[in-house]
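The values are calculated or read from the model by the stated rules, or taken from the named source; none is laboratory data. A quick note: this is a predicted structure, and the numbers were derived from the prediction, not measured. Positions of Cβ are backbone-derived with ideal geometry, glycine not excepted, and every protein chain shown enters the neighbour counts. To get the accessible areas, we keep the full protein, side chains included, count just its heavy atoms, and leave off ligands, DNA and RNA. Shrake-Rupley method; radii C 1.70, N 1.55, O 1.52, S 1.80 Å.
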Amino acid sequence: MGRKGARDRKGRPRSNRAQNRQVKDAASAMGLSDDQRWTFRRRVELESREQGADLSYDDLMSIAGEVKNGV
């Protein structure tokens, strides 16, 4: 049996705390400014609600890239 980590579900976080950590890590990895981080968090929240599921780290990085590029 494997360790219960933040990414046990195909890159999707197991808990709210793990999801928040992934959002913070993705924003840091993309070098988002404070305003971009705010926009990023709102977009993640809306997309997560729209899909009815947690987003994977790859999804978060994609959204962060869009925010960084002003898309």
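Quick notes
- Residue list for segment 16-33, filter: over 9 Å from the mean Cα position of the chain (by Cα) and open to solvent by less than 90 Å² (accessible area, probe 1.4 Å): Ala18, Ser28, Ala29, Met30, Gly31, Leu32, Ser33
- Every residue from segment 34-55 that is farther than 18 Å from Arg21 by Cβ and surrounded by 12 or more Cβ atoms within 10 Å (Cβ to Cβ): Gln36, Thr39
- Residues in segment 56-71 that are open to solvent by 60 Å² or more (accessible area, probe 1.4 Å), part of a loop (DSSP other than H, G, I, E, B) and of a type outside the set (A, V, I, L, M): 2 in all.
- Inside segment 17-55, residues that are part of a loop (DSSP other than H, G, I, E, B) and at pLDDT 90 or above make up a count of 3.
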